[in-house]
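These notes are about the structure you will find just below.
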Amino acid sequence: MAEASPKTTVVVPTYNERENLPVLVARLRDLGIPDLHVLVVDDNSPDGTGAVADGLAGPDLGVLHRTEKDGLGRAYIAGMTRALDEGADVVIQMDADLSHPTDRIPALLEKLAGTDAGVVLGSRYVEGGRTASEWPWHRKALSAWANFYVNAILRLKVKDATAGFKAWRADTLRAIDLPSIRSNGYSFQVEMNYRTVQRGLRILEVPIVFEERAEGASKMTLAVQLESALAPWKLRFGRKESR
């Protein structure tokens, strides 16, 4: 008797992504991965993304409507918690803006299944990976510096510590205690990695080519940048989480 495929849920937070979401969903469905599901977490997008998501819904796609926009981290926690409650064995997190290449999802899943990794990152900074060619030099420099900065403080030993394209084992998400995650915005990615390392779980990376978002505006505000700069210090010297 053939072994059943693991249930894999792709959690996609959205805010004003009505143009990009149908393209992303079509690409995910075209992968042909057995038992692949999509969970869209929409933060009451004023451009009607939630209604677009409802129109795409089906047996393989669900929609979680939230009434307010309170940050990327909170949206991911809500979506991941729902995915775990619905029996996901693997949870993939990715952006809706088409910057994360869907065709690398099989590589993430293969690495996760073939190793003891707790999470596998789609990495811009391992051999074979790279950032968007459209990025100006100063944005590439800022991204590289952010990764150096995070690793210098937290010693994660991860090339792309700020990556947002990841495949998680369900057991890893349970081990790091999602409800108690404090960070929001992009620093959420760093705290998730830090907790994984603190629990003695492995983080592995596979190369990706990161693309510039296709439509819409970036969510990287000054407040988000400041939070991201302070987060590693809070994690290292703040109150330790109970195991």
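Among the conditions (1) surrounded by fewer than 16 Cβ atoms within 10 Å (Cβ to Cβ); (2) modelled with pLDDT of 95 or more; (3) out of contact with any helix residue (DSSP H, G or I) (no Cβ under 7 Å at 6 or more places or on another chain), the only one that Ala107 does not satisfy is (1). Of the helices (runs of 4 or more DSSP H) lying entirely inside segment 1-97, not one carries at least 3 residues that are among the β-branched types (Val, Ile, Thr).
Every residue, every condition in (1) farther than 21 Å from Ile176 by Cα; (2) in contact with a helix residue (DSSP H, G or I) (Cβ under 6 Å, 6 or more places away or on another chain); (3) modelled with pLDDT of 95 or more, yes or no:
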position: Ile33; (1), (2), (3): yes, no, yes
position: Asp42; (1), (2), (3): yes, yes, yes
position: Asp47; (1), (2), (3): yes, no, yes
position: Ala51; (1), (2), (3): yes, no, yes
position: Thr67; (1), (2), (3): yes, no, no
position: Asp85; (1), (2), (3): no, no, yes
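In segment 208-221, the count of residues that are at pLDDT 80 or above, within 24 Å of Ala107 (Cα to Cα) and of a type outside the set (Val, Ile, Thr) is one or more. Checking the structure you have, find out if any residue of segment 41-48 is under 15 Å from Lys166 (Cα atoms), hydroxyl-bearing (Ser, Thr, Tyr), touching a residue at least 12 places away in the same chain (Cβ under 8 Å) and open to solvent by less than 20 Å² (accessible area, probe 1.4 Å). Scanning segment 41-48, I find no residue that is under 15 Å from Lys166 (Cα atoms), hydroxyl-bearing (Ser, Thr, Tyr), touching a residue at least 12 places away in the same chain (Cβ under 8 Å) and open to solvent by less than 20 Å² (accessible area, probe 1.4 Å), so the answer is no. Only one entry in Leu61, Leu56 is of a type in the set (A, V, I, L, M), open to solvent by 30 Å² or more (accessible area, probe 1.4 Å), at pLDDT 95 or above and within 17 Å of Leu31 (Cα to Cα), namely Leu56.
Within segment 157-174, the set of residues being open to solvent by less than 70 Å² (accessible area, probe 1.4 Å) and either of a type in the set (S, T, N, Q) or under 13 Å from Tyr194 (Cβ atoms) (or both) comprises Val158, Ala161, Thr162, Thr172. Scanning segment 81-95 for residues that are within 10 Å of the chain's Cα centre (by Cα) and open to solvent by less than 10 Å² (accessible area, probe 1.4 Å) turns up Val91, Ile92, Gln93, Met94. Restricting attention to segment 110-129, the residues that are open to solvent by 60 Å² or more (accessible area, probe 1.4 Å) and aliphatic (A, V, I, L, M) total 1.
The values are calculated or read from the model by the stated rules, or taken from the named source; none is laboratory data. Small disclaimer: the values here were computed from a predicted structure and weren't measured. Don't worry about glycine lacking a Cβ; one is built from the backbone with ideal geometry, like all the others, and counts go over all protein chains shown. When the accessible area is computed, the model is the full protein with side chains, heavy atoms only, and any ligands, DNA or RNA have been set aside. Shrake-Rupley method; radii C 1.70, N 1.55, O 1.52, S 1.80 Å.
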